[in-house]
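Rule-based calculations on the coordinates, nothing more; no lab input. Note that the coordinates shown come from a computational prediction; the quantities given were computed from them, not determined experimentally. As a convention, Cβ positions derive from the backbone with ideal geometry for all residues, glycine included, and neighbour counts pool all protein chains shown.
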There are 2 protein chains.
Amino acid sequence: MRILVVEDDPRIAADIVATLGAAGYVVETVGDGEEAWFRGDTEDYDLIVLDLGLPKMDGLSVLKRWRAAGRMTLVLVLTARGAWAERVEGIDAGADDYLPKPFRMEELLARVRALIRRSAGLGTSVIEAGPLSLDARQMRVTRNGVPVTLSPLEYRLLAYLMHHKGRVVSPPELLEHLYGDDDAHEANALEAVMARLRKKLGQDSIATRRGFGYAVAQGTE
Amino acid sequence: MRILVVEDDPRIAADIVATLGAAGYVVETVGDGEEAWFRGDTEDYDLIVLDLGLPKMDGLSVLKRWRAAGRMTLVLVLTARGAWAERVEGIDAGADDYLPKPFRMEELLARVRALIRRSAGLGTSVIEAGPLSLDARQMRVTRNGVPVTLSPLEYRLLAYLMHHKGRVVSPPELLEHLYGDDDAHEANALEAVMARLRKKLGQDSIATRRGFGYAVAQGTE
DNA sequence: TGATCCATGTCAGCGATCTGTCAGCTTTGC
DNA sequence: GCAAAGCTGACAGATCGCTGACATGGATCA
């Protein structure tokens with residue numbers, strides 16, 4: 001889980017980084033609105049903590065630009081205590097939750113957890129792609145209705161590809177999501193898992209795009 | 001099954017804890033609204049018993065905040081006798097049931113059972129899964145119609161899995177719901193209970209999904 | 001009070017499975 | 001045709017989960 005913290009007060013930023021870091025999240029920080037907008041638009045975060053009062057471009061504008069660009073990353077907005085109008089505006093602009101300042105760090109952590117949990121519980125738990133079907137609830141995979149037994153790693157790999165079906169996913173991206181990027185893995189490890197997965201699912205289930213990565217066909221939609 | 005009791009009168013709280021505890025639930029208590037909100041938002045309970053008159057933050061506000069945050073935990077609200085308006089407000093705020101004070105403990109227990117049963121999508125207190133049948137009211141389990149005697153812990157483990165049949169339940173989740181999260185147990189404790197349970201129910205009654213957790217097959221629905 | 005029983009946690013050892021690595025092979029793109 | 005990218009099967013260490021034996025501690029009953 002990767003989180004971007006947008007906060008211009010360095011003391012508060014450091015506090016937040018410490019708290020979220022201790023809770024096991026990978027945290028990055030930026031201190032002004034322009035940089036925030038750029039990072040949020042180009043990088044892939046699971047959640048963004050966004051202060052509204054920022055240099056260069058205010059938080060609400062940043063949020064609106066993200067949403068206008070179709071970025072649906074979860075956003076937790078930090079508002080000044082009692083600034084009711086700001087809060088309403090924030091929600092209109094597409095914030096997923098807000099937290100009035102000042103706040104206790106525990107409270108922030110609770111909100112972050114709740115948001116991530118909530119977002120994970122959305123939609124159906126079944127993803128279909130061609131002959132493949134993946135049920136996240138039962139953690140079960142079938143091919144043409146026939147159950148297939150996968151190891152945990154194989155399952156996670158397939159789940160990630162199917163969550164992003166129709167898109168080519170690069171090896172670095174896969175490695176990061178399977179292992180967390182602390183790496184120390186031969187590139188070959190991924191290929192080995194792929195091989196085992198294909199043997200179970202059929203060779204044509206996952207396509208290789210030489211030089212780019214892997215993809216599961218769109219199939220049913 | 002893990003229940004949070006939010007009640008500021010220590011005598012009543014103790015009574016409720018005793019009653020629910022005797023019925024086999026894992027019970028935790030808090031005495032004020034802020035703590036209640038925090039716990040309900042961060043921890044994962046199967047049901048929350050919520051008194052409305054609380055220090056620091058009143059029950060209704062707590063409930064509204066949970067719902068606003070997307071927490072769908074079952075909530076049983078305790079209202080003052082005849083406070084009809086409160087009752088309506090409670091239901092508006094997202095309570096699943098209410099109980100006017102004062103009440104007899106049996107009545108509370110019945111409501112709690114009914115709510116939990118209902119949430120499992122069942123009309124009766126009996127859950128079926130394949131050859132297994134679990135009667136929550138009598139705390140009785142049969143396999144192919146033959147009664148099986150279970151220890152309290154074994155029963156709670158099976159009950160939780162059957163309430164969530166068809167889903168893979170992870171060891172941490174099971175530990176949390178069996179023990180409440182306070183004390184540290186060796187991971188092995190759970191495995192030991194599983195082994196004893198399987199010996200009584202038959203090896204295939206509960207499936208292990210290596211690396212993920214345990215599951216009871218969907219079976220009859 | 002003491003003896004006994006039962007429930008449950010802990011431990012150690014065992015299989016089985018998983019998964020990273022390697023070496024050699026095949027395919028692809030130029 | 002060549003080099004790089006990707007695939008594959010074999011292997012071995014690591015990990016996971018299961019089991020039986022034992023220890024503990026609380027409840028029950030004499």
> Along Cα→Cβ at 7 Å, what distances in nm separate the B:Asn188 label point from those on the other copies, shortest first?
Replying inline: 3.7
> Among the lysines, which have Cα under 25 Å from the Cα of B:Lys200 when same-chain residues fewer than 8 positions away are ignored?
Replying inline: B:Lys165
> Restricting the count to DSSP beta bridges whose residues both fall in the range B:2-119, what percent are antiparallel, rounded to a multiple of 5?
Replying inline: 0 percent
> Under 5 Å between amide H atoms, partner at least 5 residues away or on a different chain: which partners does B:Val5 have, H built in plane at 1.01 Å?
Replying inline: B:Glu28, B:Thr29, B:Val30, B:Val49
> In terms of modelled amide H atoms, which long-range or inter-chain residues lie less than 5 Å from the amide H of B:Leu99?
Replying inline: B:Val77, B:Leu78, B:Thr79
>> Using +1 at the C-beta of Lys and Arg and -1 at the C-beta of Asp and Glu, which of B:Ala110, A:Thr142, B:Ala14 has the Cα lying farthest in the positive direction of the dipole of the protein assembly as shown?
In response: A:Thr142
> Using the beta-carbon distance between A:Asp32 and A:Ala187 and R0 = 30 Å, what value does 1/(1 + (r/R0)^6) give for FRET efficiency, to the nearest 0.05?
Replying inline: 0.25
> Using a simple spin-label model with points 7 Å from Cα along the Cα→Cβ vector, what separation in nm is obtained for A:Thr208 and B:Arg67?
Replying inline: 5.5 nm
> What fraction of the DSSP beta bridges in the protein assembly as shown is antiparallel, stated in percent and rounded to the nearest 5?
Replying inline: 45 percent
> Which value, in debye to the nearest 20, describes the size of the charge dipole of the protein assembly as shown about its Cα centre when Lys and Arg Cβ atoms bear +1, Asp and Glu Cβ atoms bear -1, and nothing else is charged?
Replying inline: 2040 debye
>> Going 7 Å from Cα along the Cα-Cβ axis for the label, what nanometre distances separate A:Gly166 from the same residue across the other copies?
In response: 2.7
>> At a threshold of 8 angstrom on Cα-Cα distance, excluding pairs fewer than six apart, so keeping six or more, what relative contact order does chain B reach in percent?
In response: 16 percent
> In nm, one decimal, shortest first: how far is the label point of A:Phe38 (7 Å from Cα along Cα to beta carbon) from the matching points in the other copies?
Replying inline: 3.9
> Can you give the Rg to Rh ratio for the protein assembly as shown, taking only C-alpha atoms and Rh from Kirkwood?
Replying inline: 0.99
> Where does chain B land on the Kirkwood hydrodynamic radius, alpha-carbon pairs, in angstrom?
Replying inline: 18.3 Å
